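Engineer: Below is one structure. I have some questions about it.
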Number of protein chains: 2
Amino acid sequence: MKLCALLQIDEEVAKLLQLKAQLGGDEGKHQFVLKTAKGTRDYNPKQMAIREKVFSTIVSCFKRHGAETIDTPVFELKETLTGKYGEDSKLIYDLKDQGGELLSLRYDLTVPFARYLAMNKITNIKRYHIAKVYRRDNPAMTRGRYREFYQCDFDIAGQYDAMIPDAECLKIVYEILSELDLGDFRIKVNDRRILDGMFAVCGVPDEKFRTICSTVDKLDKMPWEEVRREMVEEKGLSEQAADQIGEYVSMQGERLLQDQKLSQSKLACAGLADIKQLFSYLQLFQVTDKVVFDLSLARGLDYYTGIIYEAVLTQAGVAAACGEAQNGAGGEESVSVGSVAGGGRYDGLVGMFDPKGRKVPCVGVSIGIERIFSIMEQKAEASAEKIRTTQVQVMVASAQKNLLEERLKLITELWSAGIKAEVMYKKNPKLLSQLQHCEEAGIPLVAILGEQELKDGVVKLRVVASREEPRPQTTPGQIKSRETLTETSHTHTHTHTQSTVH
Amino acid sequence: MKLCALLQIDEEVAKLLQLKAQLGGDEGKHQFVLKTAKGTRDYNPKQMAIREKVFSTIVSCFKRHGAETIDTPVFELKETLTGKYGEDSKLIYDLKDQGGELLSLRYDLTVPFARYLAMNKITNIKRYHIAKVYRRDNPAMTRGRYREFYQCDFDIAGQYDAMIPDAECLKIVYEILSELDLGDFRIKVNDRRILDGMFAVCGVPDEKFRTICSTVDKLDKMPWEEVRREMVEEKGLSEQAADQIGEYVSMQGERLLQDQKLSQSKLACAGLADIKQLFSYLQLFQVTDKVVFDLSLARGLDYYTGIIYEAVLTQAGVAAACGEAQNGAGGEESVSVGSVAGGGRYDGLVGMFDPKGRKVPCVGVSIGIERIFSIMEQKAEASAEKIRTTQVQVMVASAQKNLLEERLKLITELWSAGIKAEVMYKKNPKLLSQLQHCEEAGIPLVAILGEQELKDGVVKLRVVASREEPRPQTTPGQIKSRETLTETSHTHTHTHTQSTVH
């Protein structure tokens, strides 16, 4: 609450400063606040290179599992999002009413997916969707928590036999986290029906299930004492019920499966039977080493109806992935990364959109990609490896003046052969500055035009790193394809010829 | 104006209907309006397949020319967008003031790019950016005009010698439109300085340059008479000035270059000299066959300061690309596609964001991708070729009951070998339905498990299209890599063995 108030003050201050700037400074000159909106960020070329690498790993996995992809608009009718997110609804961004429909920015990709299924009467599909979502949350950008952030969702919709698609979702989380090489992780699994059964057994009134569930969900962020206090003082739960919940959420998997009291709840029993079934499939998928049944896992969203799960990086794992000593500086920040994937079964959501309430059972998982980006960026900074932000193979340079025409002619040839090539946008660039650009940008080859070469009808090709100039040299008009050039750069790097230019 | 009023009525009606739905029907049951926001659309898996193909062509071209990529948030501080778009500013989407900063959805990618450069003090970069932008415009979805749409921008920022980066932008448009195979096209080129010089020569008062420019820009959508009427009646230009403009915009390139009156304007002369220089580079880039100097081209945006250009598909080209007869039904709709790329030089925009007004000269181009999607979709529908929406290579199927465990074991092996594979989420699926799924989804191979095969320690592999079952067959536990499987599917399709199942 205190945090909320502080947050609000922050925002009011920002707004006032913005207004002040709009009104102008002393000179009456228009002054800009040069920033991105709160909780958002630009991606620079290096960050984009990391982002694309991560996306490519994730998309490969989704495609290996046979998923199609769809896309939906960034905003939905406000009403489409209403009543789907419980207490988190206050975090939805609304658009201004400018005459027309009332719109909100999407809060996740799951509700738009359900709307899409109902609208197009699709009863089964396996799809992934990678796109940005929006939450007016308290940003913590160093930990990868933004107000605009990517979600990478994989969902399976359709009436199938129990726990088979659910198990595949967990298999996918396992594969992606392993392939991204983020260090050790755990996937916690629970079931909303077990939670509800437990709430019933503990004496939580029906109408308080969802709100108590939201509080239990905070167990990964705050200690039990605070969670208990919120249940009792804010949500009016009896102390006895709260203490019983406390006992259950600290229990281990095996004991829960045999708990006499819990087995009185039909809901809980159905959930527990499914968890058993799930683990038998996970065994076949060879992923049980990382999956644990954890009754303290609750997930914040209202729409889950069955199994739920969340993947967390273990502290040691994160530190190792970032190449930090356990007690190193900055270590504390990086170990708090926490949840990197989550999801569950939501069999009722599509039915909420269907005029006749027809249900389409769904299960899915969302990869918390921003946190993964943060880790990958830290990893990249810690390593000495240089990240290239372009793929240029060759720079077309000149050793003397007045060769712009010749450079443009040659690069036209290279481009039409599909070779990635650059030229400096100067009439008479210095050779040194052309070579420096190659070194800074990591361009492996430079084609150097000079008057002598033009007379001889050849192009001097130099390997930038070694300064070697392999022979035979390429003659203008003879470039055939990107293969020729790539081959040249690989096979001739060990030929020792002299570099004669400048 | 009449159109505007009608549009507003439309929107009011939509809003009332939405409110009515929210209040509920007769039964008091919550009724949803099941739609996407006006002017937006979902992309289904087929449309996504087309979209990804188009993006990949465009990105390859941008990378061939050595561009990096960046990303910016979908919303900016409202103030960042203020005063950049002239008369089109009314089309900007604002976010609701929910306490905090005042925000707007980005209207294009150029202004956020300039903000990014100024904020990070970047003085030279060559970058592309592919992302969605937002305009509260009158949508015409059948012609690919949406309120949410993609832009694919390529820009070169930096102080360089005149017209070299400008020529590369045109080269890129030429390459992309050629590679996308959209039919014949033209790239119109003009210069804001020539336009301004012409306005001065024709007697347009200075303060009316931008607004008259906006009207001239409509020449591709409405006849000269209407443009003239808007200039005179709405914008208060003298009839004489309007008529002189009319004369100029109908003139051909060569005559303009020699026009005595125009050469009295220093601005126009500078522009004309640059156009000449530009064409000399375009000649070296071998693209002059499609580029024309056209004084009627004006471009709507305020921020252009030098050369401007726009690519249009020719009517014949569009019809041919869509495989339609010139007089075919639906032809009329598809030929109105018009502009598919546009851009120009904007040397003052970054300076508007810099506290000290430091300028960073920029030139860039935006590919009008939505119109291209529309054409590609029409093309795909006209052709018989089936578009696959997944890349699954093999389906793991069973011929008898109770083989789920075996199927899950085998698919686990396939996935870990990097093979794209699917399994039906049923304990006992019918073989026929498994094979039907393969045919519908275009999956080339099916691995069929049966009791006999399990006994023999083999897996029956069938080519779905031909029903051939090549030998030797793969033994479980022997799958090594995706290469093995791909090879099998290619090299053995001509081996004639009998298909024995069902």
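Coordinate-derived values only; no laboratory data. Note that this is a predicted model, so its numbers are computed, not measured. Glycine also receives a Cβ, built like all others from the backbone with ideal geometry; neighbour counts cover every protein chain displayed.
Engineer: Across peptide B:98-109, what mean number of C-beta atoms from other chains lies inside 10 Å of a residue's C-beta?
Structural biologist: 5
Engineer: Between B:ALA341 and residues 5 or more places away or on another chain, which pairs have amide H atoms under 5 Å apart, with H built 1.01 Å from N, and which residues are they?
Structural biologist: Amide H to amide H, under 5 Å and 5 or more residues apart or across chains, B:ALA341 pairs with B:ALA311, B:GLY368.
Engineer: Just counting partner chain Cβ atoms within 10 Å, what average do the residues of peptide A:44-54 show around their Cβ?
Structural biologist: Working: counts 9, 7, 2, 2, 6, 2, 0, 2, 1, 0, 0.
Taking all residues of A:44-54 together, the mean is 3.
Engineer: So, R0 is 56 Å and r is the distance between the beta-carbons of B:ARG210 and A:GLU385; what FRET efficiency does that work out to, to 0.05?
Structural biologist: Once rounded, the FRET efficiency stands at 0.70.
Engineer: Continuing with this model, one more query. From the C-alpha coordinates alone, can you work out the Kirkwood hydrodynamic radius of region B:372-422, in Å? Please list the in-between numbers first.
Structural biologist: On the way: mean 1/r = 0.0728 Å⁻¹.
When all Cα pairs of region B:372-422 are included, the Kirkwood radius is 13.7 Å.
Engineer: If you don't mind, there's one more thing I want to ask. Give me the dipole magnitude in Debye, nearest 20, for region B:188-313 about the Cα centre, with unit charges on the beta carbon: positive for Lys and Arg, negative for Asp and Glu.
Structural biologist: 320
Engineer: While we're here: Calculate the spin-label point distance for A:LEU431 paired with B:MET119, positioning each point 7 Å from the Cα along the beta-carbon direction, and give it in nanometres.
Structural biologist: 4.2
Engineer: So if I take the centroid of the Cα atoms in region B:68-143 and the same for region A:141-157, what is the distance between those two points in Å?
Structural biologist: With region B:68-143 and region A:141-157 each reduced to a Cα centre, they are spaced 22 Å.
Engineer: Given the C-alpha centroids of region A:237-276 and region B:335-406, what is the distance between them in whole angstrom?
Structural biologist: If you average the Cα positions of each part, the centres end up 49 Å apart.
Engineer: Could you line up B:SER280, A:SER398 from fewest to most neighbouring Cβ atoms inside 10 Å?
Structural biologist: Numbers: B:SER280 13, A:SER398 27.
By the 10 Å Cβ count, ascending: B:SER280, A:SER398.
Engineer: Related question: Given a cut-off of 18 Å, name the pairs among A:LYS53/A:LYS126; A:LYS359/B:LYS46; B:LYS53/B:LYS420; B:LYS90/B:LYS188; A:LYS409/A:LYS455; B:LYS132/B:LYS386 whose C-alpha atoms lie farther apart than that in the structure shown. Please list the in-between numbers first.
Structural biologist: On the way: A:LYS53/A:LYS126 23 Å; A:LYS359/B:LYS46 25 Å; B:LYS53/B:LYS420 20 Å; B:LYS90/B:LYS188 27 Å; A:LYS409/A:LYS455 15 Å; B:LYS132/B:LYS386 28 Å.
Table pairs above 18 Å Cα-Cα are A:LYS53/A:LYS126; A:LYS359/B:LYS46; B:LYS53/B:LYS420; B:LYS90/B:LYS188; B:LYS132/B:LYS386.
Engineer: Relative to the other copies, what are the label-point distances for B:GLY158, with labels 7 Å from Cα along the C-beta vector, expressed in nm at one decimal and sorted shortest first?
Structural biologist: 5.1
Engineer: Region B:191-270: percent of C-alpha pairs farther apart than 19 Å?
Structural biologist: Details: 933 of 3160 pairs.
Everything past 19 Å amounts to 30 percent.
Engineer: Sort shortest first the distances from B:LEU454 to its counterpart in every other copy, using label points 7 Å along the Cα-to-beta-carbon line, and give them in nm.
Structural biologist: 7.7
Engineer: Just tell me how shielded B:144-150 is by partners: mean number of partner chain Cβ atoms within 10 Å of each residue's Cβ, no decimals. Write out the running numbers ahead of the final one.
Structural biologist: Values: counts 0, 0, 1, 3, 4, 0, 1.
Counting other chains' Cβ atoms within 10 Å and averaging over B:144-150 gives 1.
Engineer: Here is a further query. Fewest Cβ neighbours within 10 Å first, please rank A:LEU177, B:LEU461, A:LEU34 accordingly. Don't jump to the answer; show the numbers that get you there.
Structural biologist: Values: A:LEU177 24, B:LEU461 21, A:LEU34 16.
Final ranking by Cβ density, sparse to dense: A:LEU34, B:LEU461, A:LEU177.
Engineer: Report the calculated FRET efficiency for B:ALA140 and A:SER466 (r = Cβ-Cβ distance, R0 = 41 Å), to the nearest 0.05.
Structural biologist: For B:ALA140 and A:SER466, the calculated efficiency is 0.10.
Engineer: Using a 7 Å offset from Cα along the direction of the beta-carbon, what are the separations from B:GLY83 to the same position in each other copy, nm, ascending?
Structural biologist: In ascending order, 4.7 nm.
Engineer: I would also like to ask the following. If each residue's Cβ is checked for other Cβ atoms within 10 Å, how do A:VAL232, B:VAL392 rank with the fewest at the top?
Structural biologist: Working: A:VAL232 17, B:VAL392 22.
The order, fewest Cβ neighbours first, is A:VAL232, B:VAL392.
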